[in-house]
1. Regarding the range 124-147, can at least one residue be identified that is out of contact with any Ser or Thr (no Cβ under 7 Å at 6 or more places or on another chain) and modelled with pLDDT of 80 or more?
2. For the range 160-168, does any single residue satisfy the condition of being surrounded by 12 or more Cβ atoms within 10 Å (Cβ to Cβ) and either modelled with pLDDT of 80 or more or touching a Cys at 6+ places or on another chain (Cβ under 6 Å) (or both)?
3. Which one of these does Tyr68 not meet: (1) of a type outside the set (D, E, K, R); (2) surrounded by 16 or more Cβ atoms within 10 Å (Cβ to Cβ); (3) at pLDDT 90 or above?
4. Kindly list the number of the only condition in (1) within 28 Å of the chain's Cα centre (by Cα); (2) under 15 Å from Asn106 (Cβ atoms) that fails for Cys62.
5. Is it fair to say Phe21 is surrounded by 14 or more Cβ atoms within 10 Å (Cβ to Cβ) and either more than 18 Å from Lys93 (Cα to Cα) or assigned by TED's automatic domain parsing to the domain that holds Glu121 (or both)?
6. So for the range 10-29 (the condition being part of a loop (DSSP other than H, G, I, E, B) and under 19 Å from Glu121 (Cα atoms)), does at least one residue qualify?
7. Scan the range 114-134 and give yes if some residue there is touching a strand residue (DSSP E or B) at 6+ places or on another chain (Cβ under 6 Å) and not polar (S, T, N, Q), otherwise no.
8. Take the range 24-49 and flag every residue that is buried (at least 16 other Cβ atoms within 10 Å of the Cβ) and aliphatic (A, V, I, L, M).
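The values are calculated or read from the model by the stated rules, or taken from the named source; none is laboratory data. Just so it is clear, the structure is predicted and the values come from calculations on it, not from any experiment. Neighbour counts run over all protein chains shown; Cβ positions are idealised from the backbone, glycine included.
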Amino acid sequence: MEEAVKKKALIKQECEGHGPFLYALKASMESQFLSNKVSQGDIILKIQSIARTHYQCLWKACTREEQYILYDIAQDGLVNSKNTQVIIALIEKGLLVYDGTLWIMNHSFRNYILTTISPEEVSKMKSEALTSGAWSAIKGPLILVVIALVGFLSLTQQETYKQAIALLGTLTATIPIMIQLLGSSSPSLGKGVEKE
């Protein structure tokens with residue numbers, strides 16, 4: 001009897017509150033598995049199998065950064081807390097649940113993520129997520145401003161041009177450091193690699 005209660009709680013956690021598709025599975029899962037001698041792992045795998053296309057649609061509707069965060073949480077339960085905007089978006093989509101701890105919406109979706117996503121795709125997601133940081137966002141416009149300033153000074157102010165070239169060497173070294181410092185103090189700018 002105790003095993004049936006655990007199975008019922010598992011099926012409820014897997015199917016309720018995650019949209020109409022999963023909710024519609026609840027009754028058939030209960031009738032199929034509560035009286036049978038199947039493990040909780042088998043129930044999760046059955047739900048994952050039935051919901052595979054649904055999970056695939058949920059996954060494809062996510063940005064690469066969202067996919068990387070989901071994979072990261074599914075893999076080790078840890079996430080970089082500086083990615084607050086992405087985490088909030090995933091909670092609003094219902095793909096993450098926060099109850100003091102962040103976790104994937106249910107076991108079968110977590111298992112789907114871990115068993116379906118190839119290591120090559122994980123590497124691609126990680127590199128894309130890391131290149132979308134603060135430096136990559138301002139690098140292009142900053143380079144254009146510097147080139148325009150150097151061109152203007154070289155044509156109009158020879159002495160100032162020489163001083164600006166010396167200053168440019170200093171700025172080239174300090175700008176990435178400043179951005180890194182700003183990124184570590186601002187959750188919306190930083191995309192650090194540490195996990196908390």
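1. yes
2. no
3. Tyr68 satisfies all of (1) of a type outside the set (D, E, K, R); (2) surrounded by 16 or more Cβ atoms within 10 Å (Cβ to Cβ); (3) at pLDDT 90 or above except (3).
4. The failed condition is (2).
5. In short, no.
6. No, there is no match, as no residue in the range 10-29 is part of a loop (DSSP other than H, G, I, E, B) and under 19 Å from Glu121 (Cα atoms).
7. Looking through the range 114-134, none of the residues is touching a strand residue (DSSP E or B) at 6+ places or on another chain (Cβ under 6 Å) and not polar (S, T, N, Q).
8. Those that are buried (at least 16 other Cβ atoms within 10 Å of the Cβ) and aliphatic (A, V, I, L, M): Leu25, Met29, Ile43, Ile44, Leu45, Ile47.
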